[in-house]
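Colleague: My questions will all concern the structure given below.
The values are calculated or read from the model by the stated rules, or taken from the named source; none is laboratory data. Predicted model, so just to flag it, every value in this text is computed and none were measured. No Cβ is skipped: glycine too gets one built from the backbone with ideal geometry, and neighbour counts run over all protein chains shown.
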Amino acid sequence: MRPERPGAANSESRRAAAELDRLIGPAAAGDRQAVTEIVKIVHPLVRRYCAARVGAGNNLHVTADDIAQEICIATVQAIPRYRDQGKSFLAFVYGISANKVADAFRRAQTHPSYPVAEFPEEASPDAGPEEMALASERRRATYDLMQVLAPAHREVLVMRIVLGWTAAQTAEAIGTSPGVVRVMQHRALNKLRAKLIAVS
């Protein structure tokens, strides 16, 4: 699949943020159609975010689709209580998203499981146990390394590096300026480098 151009992704984010800000008032007042439209806009955005955060083949109890569904439900439940605090509603949704992803990782650490639906009759072209173990180990090492960062800095790195968003798009999502996003990214990367040097 061809990656989105940064400008196109940024434009999509701006349109989504503007549309959500238009809909949240009526939705909070009880307009069910506005709530439905909010879910339609939010779902693909948070699905992409979750896929970037949890990846595929990790040993979480839920998939990116499951977490995205949880986020949409939590968003709908929060709409009547939502109050504009100077950030876009999209930033509020990403705050819910970050919490739901963190909850999924906590659940996986507390109750690890490795489900197998059925034994296949033929050899699978997918990665074998060794490759999956190595990939899981790399994800765990990356997750552990990211814990040295403040939550806001982790979010910025995910949006900028994993999702490939521009500074402007990231700023729109978290409710700040592109300049602040660049500073946060720079500080976060410096902290990660220092941690890697310290443990190597």
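Colleague: Provide a single number: the residues in segment 171-200 that are within 11 Å of Arg160 (Cβ to Cβ) and free of Cβ contacts under 8 Å to residues at least 40 places away in the same chain.
Modeller: Qualifying residue count for the region: 9.
Colleague: Scan segment 174-192 and tell me whether some residue there is closer than 28 Å to Pro44 by Cα and modelled with pLDDT under 80.
Modeller: Yes; the residues of segment 174-192 include at least one that is closer than 28 Å to Pro44 by Cα and modelled with pLDDT under 80.
Colleague: How many residues, within segment 162-173, are in a helix (DSSP H, G or I) and modelled with pLDDT of 80 or more?
Modeller: 4
Colleague: Please go through segment 169-198 and pick out each residue that is more than 17 Å from the chain's Cα centre (by Cα) and of a type in the set (A, V, I, L, M).
Modeller: Our first condition is that a residue be more than 17 Å from the chain's Cα centre (by Cα); within segment 169-198, this holds for 176-180, 182-184, 186-198.
Result: Val180, Val183, Met184, Ala188, Leu189, Leu192, Ala194, Leu196, Ile197, Ala198.
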